[in-house]
């Protein structure tokens, strides 16, 4: 079976290192896992939160949309506060 997270390369700045740095596949999660970690919210709710700037932005890898697990976990641990100011 093909795993979408296998051999994934993504660039992140700030807390996740330099652009082009390899991220371990276990650090990236798909939308279903991100929703589960956020208390079982629906995928549409997660997308709305991202669009409003209230949730961490996903990483686009070709046709896959993935989230950095640490960002989602930190966001949920912080009470799901808005990520961008002014939201």
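For the range 15-26, state whether one or more residues are loosely packed, with under 14 Cβ neighbours inside 10 Å, under 17 Å from residue 83 (Cα atoms) and at pLDDT below 60. Please lay out each step first, then the result.
Within the range 15-26, the first condition is being loosely packed, with under 14 Cβ neighbours inside 10 Å, and the residues that meet it are 15, 17-22, 24, 26.
Narrowing further to those that are under 17 Å from residue 83 (Cα atoms): 15.
Narrowing further to those that are at pLDDT below 60: 15.
Yes, the range 15-26 has at least one match.
Among the residues in the range 63-83, are any at positive phi and either at pLDDT 90 or above or in contact with a strand residue (DSSP E or B) (Cβ under 7 Å, 6 or more places away or on another chain) (or both)?
No, the range 63-83 has no match at all.
If you go through the range 2-14 one residue at a time, do you hit one that is at pLDDT 90 or above and exposed (fewer than 10 other Cβ atoms within 10 Å of the Cβ)? Spell out how you get there, then give the answer.
Of the range 2-14, the ones at pLDDT 90 or above are none.
So far as the range 2-14 goes, no, none of its residues is at pLDDT 90 or above and exposed (fewer than 10 other Cβ atoms within 10 Å of the Cβ).
Here are some residues: 53, 39. Which one is exposed (fewer than 10 other Cβ atoms within 10 Å of the Cβ) and at pLDDT 70 or above?
39
The values are calculated or read from the model by the stated rules, or taken from the named source; none is laboratory data. Just so we're clear, the structure is a prediction, and the values are computed from it rather than from any experiment. With ideal geometry, Cβ positions are generated from the backbone for all residues, glycine too; neighbour counts draw on all protein chains shown.
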